[in-house]
Amino acid sequence: MKNFLSLVLLFSFLGFSSAVFAQSDKIDLKEINKNRLAFEKKSMYVLGGWSVANFTYNGAVLLGGVKNGEAKYFYQSNIYWNTINFALAGGGLLFGKRNTALNYSQTLKAYHSTQKVLLFNAGIDVGYIMTGLYLRERAKTRTDIKTTNQFLGYGKSLIVQGGFLLLFDASTYLLSKRQSDRLYDIPVSLALAPNHLQFTYRF
């Protein structure tokens, strides 16, 4: 009798578990892609904001009377750098993809594509910093004062701008990866649709 009751309880539990875990829910892929694009847009605003801040500060310093020496080339280089940064941020905002009607695999591909670009850029950023350090060292061997100041100023600018871009690209990559990793956390059988991912738990 005891064994019979145990079997009844076991099968009742299995039946209840199946009923609970068989409930279907949906992850809104369109909403996920909206969030992805919103995040990428915000990152472009950060880059653009950095550019505008550089234009304002470095321009003000140059107009305020810095006419020569290492400082002149440092502030000039910062403005040149952020002309490029501003163009990249503006281009990203104006011409970035806005399609949210992606299926599961397309959504992952979009995340991975962005993350690959960010990792590639981070590698280039390290190169900028190393080049800046190299120019600072080369300045020690120059005898011409103008060239020395140029190497020192441009080198310092490369280190500062490269350091910011490395921080920007690395942090953007990590935040993007944290978003995309959630798509792997679905312990389910998948049913794909254009805008929704339906998943069903099975016991």
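Observations
- Residue count for segment 40-54 satisfying the condition of being surrounded by fewer than 16 Cβ atoms within 10 Å (Cβ to Cβ) and of a type in the set (A, V, I, L, M, F, W, C): 3.
- Per the listing ARG182, ARG178, the residue uniquely under 25 Å from the mean Cα position of the chain (by Cα), open to solvent by 50 Å² or more (accessible area, probe 1.4 Å) and at pLDDT 90 or above is ARG178.
- Hey, ASN35 modelled with pLDDT under 95, open to solvent by 60 Å² or more (accessible area, probe 1.4 Å), assigned to a helix (DSSP H, G or I) and touching a helix residue (DSSP H, G or I) at 6+ places or on another chain (Cβ under 9 Å) or not: yes
- Criterion: among the aliphatic types (A, V, I, L, M) and at pLDDT 95 or above - qualifying residue of VAL52, VAL61: VAL52
- Total residues in segment 89-116, condition surrounded by 13 or more Cβ atoms within 10 Å (Cβ to Cβ), part of a helix (DSSP H, G or I) and of a type in the set (A, V, I, L, M): 4
To keep it simple, each residue is scored yes or no on (1) open to solvent by less than 40 Å² (accessible area, probe 1.4 Å); (2) modelled with pLDDT under 95; (3) closer than 19 Å to MET44 by Cβ; (4) not in a helix (DSSP H, G or I).
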site	(1), (2), (3), (4)
LEU135	yes, no, no, no
LYS146	no, yes, no, no
LEU158	yes, no, no, no
THR172	yes, no, yes, no
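The values are calculated or read from the model by the stated rules, or taken from the named source; none is laboratory data. The shown structure was predicted, so the numbers you read here are calculated from the model rather than taken from an experiment. Reconstructed Cβ throughout: ideal geometry from the backbone, glycine too, with neighbour counts over all protein chains shown. What goes into the accessible areas is simple: the full protein's heavy atoms, side chains included, and nothing from ligands, DNA or RNA. Shrake-Rupley method; radii C 1.70, N 1.55, O 1.52, S 1.80 Å.
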